[in-house]
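The values are calculated or read from the model by the stated rules, or taken from the named source; none is laboratory data. Remember, predicted model here, so these are calculated numbers, not experimental data. No Cβ is skipped: glycine too gets one built from the backbone with ideal geometry, and neighbour counts run over all protein chains shown.
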Amino acid sequence: MAGTASGGSRRSRLAPYLLVAPGILWLLVFFVVPTITLAQTSVSGAGPWYEAYSRALGNYGVHFFRSLRYALGATLLALAMGYPLAYFIAFRAGRLKNLLLGLVVLPFFTTFLVRTFAWKTILNDGGPAVWLLQQVHFVGAGGRLLDTTSAVVGCFT
């Protein structure tokens, strides 16, 4: 009887690892291996490996660092909004918890293309966002939102 209890205990300790194994295998095959292959390809070639990177940063450094600034701004904005919202939904939402969680998840059901066209409609020169910002004098009469840095990442200009 004691052998059965210890065998069941061992099996129950392995269960979480067996459940996670397919996900880890998926990540290895479709993320880690391609990333390593890409890194090896980027440093192989004629000349020192850093030569291509220094040339690329010399030619496109402004764009590279602007992209990093946008990514940092979007990340900080997502953290500043996401964590308080998650805390509120988890601990303070009460009866509205399911509704709020549904509203958070709902945008993931729409396609990227639909969202892109919706934002273009909202942010275009004759759209409601520009009209509202003109009414409160944040944007001049000929103001624009599309094709600007502010349209890409909020107020991180």
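Taking only pairs six or more apart or across chains, which ones have beta-carbon atoms under 7 Å, a first residue in the range 92-112 that is assigned by TED's automatic domain parsing to the domain that holds Ala78, and a second residue that is in a helix (DSSP H, G or I)?
As it stands, the answer is Ala93/Leu100; Lys97/Ile89; Leu100/Ile89; Leu101/Ile89, since those pairs meet every condition given.
Going through Arg144, Arg55, Arg66 one at a time, which residue ends up being in contact with a helix residue (DSSP H, G or I) (Cβ under 8 Å, 6 or more places away or on another chain) and of a type in the set (Lys, Arg)?
Working: Arg55 fails: in contact with a helix residue (DSSP H, G or I) (Cβ under 8 Å, 6 or more places away or on another chain); Arg66 fails: in contact with a helix residue (DSSP H, G or I) (Cβ under 8 Å, 6 or more places away or on another chain).
Result of the check over Arg144, Arg55, Arg66: Arg144.
Matching residues to (1) at pLDDT below 95; (2) within 30 Å of Thr149 (Cα to Cα); (3) not hydroxyl-bearing (Ser, Thr, Tyr); (4) not assigned by TED's automatic domain parsing to the domain that holds Thr148:
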residue: Pro22; (1), (2), (3), (4): no, no, yes, yes
residue: Leu28; (1), (2), (3), (4): no, no, yes, yes
residue: Leu38; (1), (2), (3), (4): yes, no, yes, yes
residue: Gly47; (1), (2), (3), (4): yes, no, yes, yes
residue: Ala52; (1), (2), (3), (4): yes, yes, yes, yes
residue: Ala56; (1), (2), (3), (4): yes, yes, yes, yes
residue: Leu68; (1), (2), (3), (4): no, yes, yes, yes
residue: Leu72; (1), (2), (3), (4): no, yes, yes, yes
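Can you tell me how many residues within the range 126-143 are at pLDDT 80 or above, surrounded by 13 or more Cβ atoms within 10 Å (Cβ to Cβ) and not polar (S, T, N, Q)?
Number of matching residues: 4.
Would you pick out the residues in the range 120-145 that are part of a helix (DSSP H, G or I) and touching a Lys or Arg at 6+ places or on another chain (Cβ under 8 Å)?
If the condition is that a residue be part of a helix (DSSP H, G or I) and touching a Lys or Arg at 6+ places or on another chain (Cβ under 8 Å), then Val130 is the only one that fits.
For the condition in a helix (DSSP H, G or I), aromatic (Phe, Trp, Tyr) and outside the structural domain of Leu146 (by TED's automatic domain parsing), what is the one hit in Phe88, Phe117?
Phe88
With respect to the numbered conditions (1) surrounded by fewer than 10 Cβ atoms within 10 Å (Cβ to Cβ); (2) assigned to a helix (DSSP H, G or I); (3) aliphatic (A, V, I, L, M), which one is the sole condition not fulfilled by Ala39?
Going through (1) surrounded by fewer than 10 Cβ atoms within 10 Å (Cβ to Cβ); (2) assigned to a helix (DSSP H, G or I); (3) aliphatic (A, V, I, L, M) one by one, Ala39 breaks only (1).
Given (1) in a helix (DSSP H, G or I); (2) free of Cβ contacts under 8 Å to residues at least 60 places away in the same chain, where does Arg69 come up short, assuming only one miss?
Checking Arg69 against (1) in a helix (DSSP H, G or I); (2) free of Cβ contacts under 8 Å to residues at least 60 places away in the same chain, the one that fails is (2).
When you go through (1) surrounded by 11 or more Cβ atoms within 10 Å (Cβ to Cβ); (2) more than 30 Å from Phe65 (Cα to Cα) one by one for Lys120, which number turns out not to apply?
(2)
Ala2 fails exactly one of the following numbered conditions: (1) farther than 30 Å from Thr149 by Cβ; (2) at pLDDT 85 or above; (3) among the aliphatic types (A, V, I, L, M). What is the number of that condition?
(2)
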